[in-house]
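Read the structure below first, then the notes.
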Amino acid sequence: MKPIPKYATKEWMASNVLANNGDIKECQRRTKAWNTASVIAAGLPLSIRKVFKAATGLHAAIISGSTTLRTKYDSLELVLEYCEHLADSPRVKPCSVAVPIFTCGTITGIWHAVVIFQTGGDK
């Protein structure tokens, strides 16, 4: 199992990536936000680690993967592919998907990314 990065806490999100967006909650696995983030990941070699929701409707998904047989740049392309699929989701507001953090361990090959998106699309 890949370790979860230290910045994947509610407190860190509230003071950094999701700052000034109201109350931050960690989403449970059966919520709409978790479902929106994980359905997009189906078929891609990555996993959803945590999903956070701010009171404004802004979400942060922590995604992880491994660079086994891949380069760091291929992993970043995989994150961007995930973002493209997420942006095409009818549940996500247009032009609201961003990647503020991407880290990749050169020795371990494990990478993590924070993907920000806002719900409130057509459905």
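The values are calculated or read from the model by the stated rules, or taken from the named source; none is laboratory data. Please read these numbers as outputs of a predicted model, since none were measured by experiment. All Cβ positions, glycine included, derive from the backbone under ideal geometry; neighbour counts span all protein chains shown.
Being closer than 20 Å to Arg91 by Cα, out of contact with any Leu (no Cβ under 8 Å at 6 or more places or on another chain) and not aromatic (Phe, Trp, Tyr) narrows it down to one of Lys6, Lys32, so name that one.
Lys32
Which residues, counting only those in the range 69-89, are assigned to a loop (DSSP other than H, G, I, E, B), among the polar types (S, T, N, Q) and either surrounded by 12 or more Cβ atoms within 10 Å (Cβ to Cβ) or touching a residue at least 40 places away in the same chain (Cβ under 8 Å) (or both)?
Scanning the range 69-89 gives a single hit, Ser89.
Return a yes/no flag: does the range 90-112 have any residue that is outside any loop (DSSP other than H, G, I, E, B) and charged (D, E, K, R).
no
Restricted to the range 25-47, and to residues that are surrounded by fewer than 21 Cβ atoms within 10 Å (Cβ to Cβ) and among the β-branched types (Val, Ile, Thr), which residue is nearest to Gly120 (Cα to Cα)? Walk me through how you get there before you give the answer.
Quick first cut of the range 25-47, residues surrounded by fewer than 21 Cβ atoms within 10 Å (Cβ to Cβ) only: 25-35, 38-39, 41-47.
Filter once more, keeping what is among the β-branched types (Val, Ile, Thr): 31, 39.
Working: Thr31: 15, Val39: 17 Å.
The residue in question is Thr31.
Pick from the range 67-82 the residues that are touching a Phe, Trp or Tyr at 6+ places or on another chain (Cβ under 8 Å), under 22 Å from Ala37 (Cα atoms) and not small (Gly, Ala, Ser): which of them is modelled with the highest pLDDT?
Val79
Which one of the conditions (1) buried (at least 20 other Cβ atoms within 10 Å of the Cβ); (2) out of contact with any Lys or Arg (no Cβ under 6 Å at 6 or more places or on another chain); (3) under 23 Å from Ile110 (Cα atoms) does Ala54 fail to meet, given that it meets all the rest?
The one condition Ala54 does not meet is (3).
Would you check which residues across the range 113-123 are in contact (Cβ under 8 Å) with a residue 60 or more places away in the chain and outside any strand (DSSP E or B) and list them?
Gly120
Keeping to the range 3-62, report how many residues are closer than 17 Å to Tyr82 by Cα, among the small types (Gly, Ala, Ser) and modelled with pLDDT under 90.
Result for the range 3-62: 7.
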